1. What ranking of A:295, A:146, B:12 emerges when the number of other C-beta atoms within 10 Å of each C-beta is taken as an exposure proxy, fewest first?
2. How well do other chains shield peptide A:57-70, expressed as the mean number of their Cβ atoms within 10 Å of each residue Cβ?
3. Which percentage, to the nearest 5, of the DSSP beta bridges contained in chain A is antiparallel?
4. Which residue fluctuates the most in chain B, going by a Gaussian network model with Cα springs under 10 Å, if the choices are B:220, B:79, B:232?
5. Using the Cα atoms of the range B:102-210 to build a convex hull, what is its mean projected area in square nanometres?
6. Using only the Cα atoms of chain A, what are the Rg and Dmax in Å?
7. Only counting other Cβ atoms within 10 Å, I'd like B:209, B:199 sorted with the fewest neighbours first.
8. At a threshold of 8 angstrom on Cα-Cα distance, excluding pairs fewer than six apart, so keeping six or more, what relative contact order does chain A reach in percent?
Ligand SMILES: Cc1cc2nc3c(=O)[nH]c(=O)nc-3n(C[C@H](O)[C@H](O)[C@H](O)COP(=O)(O)OP(=O)(O)OC[C@H]3O[C@@H](n4cnc5c(N)ncnc54)[C@H](O)[C@@H]3O)c2cc1C
Ligand SMILES: Cc1cc2nc3c(=O)[nH]c(=O)nc-3n(C[C@H](O)[C@H](O)[C@H](O)COP(=O)(O)O)c2cc1C
Ligand code: FES
């Protein structure tokens with residue numbers, strides 16, 4: 001048995017495998033399949049101050065090796081989460097990460113203030129490509145990444161802040177540094193890549209929103225490269241994600257410099273993906289004489305160096 | 001709900017473009033009529049295909065699917081002995097109340113398949129009348145299942161089998177002849193369900209419809225598969241449905 005626990009800016013996780021926001025709800029449905037207390041953490045569905053109905057359907061499409069989604073941040077609102085789901089989710093013993101979004105800088109501060117001290121970590125979604133105003137705007141330019149981080153931190157006294165980076169940018173390492181300068185305790189990446197899939201019979205995009213966020217196995221090499229660049233640009237810990245399907249995929253991200261990983265789309269392909277990744281990590285560490293998974297973080301040796 | 005490692009027993013074409021696949025599970029799955037399974041076709045297909053359970057007998061479960069896109073094309077080529085992951089049973093399914101004795105089933109296209117499971121579950125205790133529509137004679141299948149109902153009418157859009165009409169028209173024709181069910185259970189294309197809902201509202205007969213929507217997780221976690229409720233809220237087709245009271249959904 002390898003030691004799988006990791007420490008993310010003072011928060012200790014049983015193992016480095018976290019459910020990615022939007023693919024796992026608030027954990028209740030997957031808990032019908034397995035005890036979600038066994039996974040490192042759960043990043044909740046992206047929440048806003050007020051409930052949101054989200055986009056029209058279809059909200060999802062498939063393309064070889066990837067999927068596209070445009071849910072549009074449908075969520076019951078942060079108060080509903082606090083009243084109905086929070087206590088239960090904490091009782092499972094998993095690390096509770098509240099994923100939050102807003103339309104304005106003030107929204108970000110207010111929702112962070114509301115959740116401060118109630119959850120283990122807060123993950124700022126500044127990169128959701130589906131919401132017309134807000135979302136996208138903050139995550140694109142380094143200046144707004146820094147500004148929204150500063151503002152969110154104003155609402156926080158206790159809970160560490162993760163800033164989730166969009167990959168649809170000029171230089172993701174620059175944006176990661178902007179988040180760090182703004183006071184982020186951690187960064188996570190990648191959110192989805194903006195894409196389109198077309199129904200050629202109808203000559204229309206499949207998704208009602210026209211464009212959607214691309215995720216799943218096919219984006220992994222791009223995500224690994226970005227995690228490597230970001231991990232080398234900041235001192236704060238990095239959470240890596242994008243197309244992770246198995247333990248070996250997770251290990252690539254750890255070696256590239258991520259302290260923990262998130263798993264999203266793979267939960268759709270195989271609802272037991274996360275427990276399998278966790279046991280696979282343990283087996284890999286054991287068979288490679290690695291006593292603690294934390295030893296793998298950032299151990300990548302670049303060719304020619 | 002379980003993710004079964006399901007062994008294919010047989011997989012064959014039963015009508016033009018329609019296949020029937022039977023799996024053997026490790027145990028007897030408790031399935032309500034109208035529930036569905038999420039079948040993994042593997043490879044580059046990251047999403048599972050939601051397909052209604054047609055029959056569940058002992059350790060065997062049968063689905064009927066239309067070959068539509070890449071995933072169902074791939075499914076067609078899966079041979080006996082192969083093992084696929086099938087997450088099931090999913091969704092709420094059809095419920096028939098104790099006092100609802102006369103049950104009308106109205107189905108069109110692949111929407112007839114979830115209704116097969118209703119016939120199988122209730123044929124002995126209820127008076128079932130089935131109104132089933134196909135595109136044409138080539139698509140006709142599953143008649144032997146619907147023949148177990150007390151009354152059974154099959155029609156086609158082009159009149160190449162049975163009368164030339166759709167299943168809602170066949171149902172309306174029976175109403176005009178004095179038939180009156182206690183409840184209507186239905187599945188089919190949205191325009192068909194919309195027409196049926198109008199009839200049910202006019203006649204004041206309770207009506208339940210099974211909806212289709214593209215899915216991500218299939219278990220209620222991702223909010224990908226929603227439909228609009230008449231009260232302004234949105235519901236998950238995979239978990240709150242696929243069966244809804246027709247009066248409570250916007251079609
Ligand atoms: C609850 C439920 C029960 C169903 N029962 C049956 C059944 O018994 N028999 C049958 O033939 N079909 C049924 N369908 C429709 C069936 O799911 C689609 O025809 C099938 O997923 C198409 O897959 P594909 O790979 O051929 O198409 P592709 O176009 O390659 O599929 C791409 C993606 O879109 C999804 N998709 C495409 N069309 C539909 C659709 N109409 N509904 C939902 N998802 C879709 C696919 O699942 C896949 O994720 C049901 C759908 C739902 C929601
Ligand atoms: C259906 C769906 C909904 C998502 N919703 C959110 C969200 O609300 N907030 C967020 O920060 N990311 C959201 N994401 C992005 C994922 O958390 C993750 O960053 C992305 O999918 C890449 O990881 P993957 O390839 O493992 O899925 C969503 C992804 C999917 C597929
Ligand atoms: S498919 Fe995920 S909620 Fe229905």
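Please treat every number below as a calculation from the coordinates, not as lab data. Not measured: the values here are computed from a predicted model. Every residue, glycine as well, gets a Cβ built from its backbone with ideal geometry; the counts of neighbours run over all protein chains shown.
1. The fewest-first ordering by Cβ neighbours comes to B:12, A:295, A:146.
2. 5
3. 35 percent
4. Per the Cα network of chain B with a 10 Å cutoff, B:232 tops the list.
5. 5.9 nm²
6. Both quantities, over Cα of chain A: 18.0, 55 Å.
7. The order, fewest Cβ neighbours first, is B:199, B:209.
8. Computed over chain A, the figure is 20 percent.
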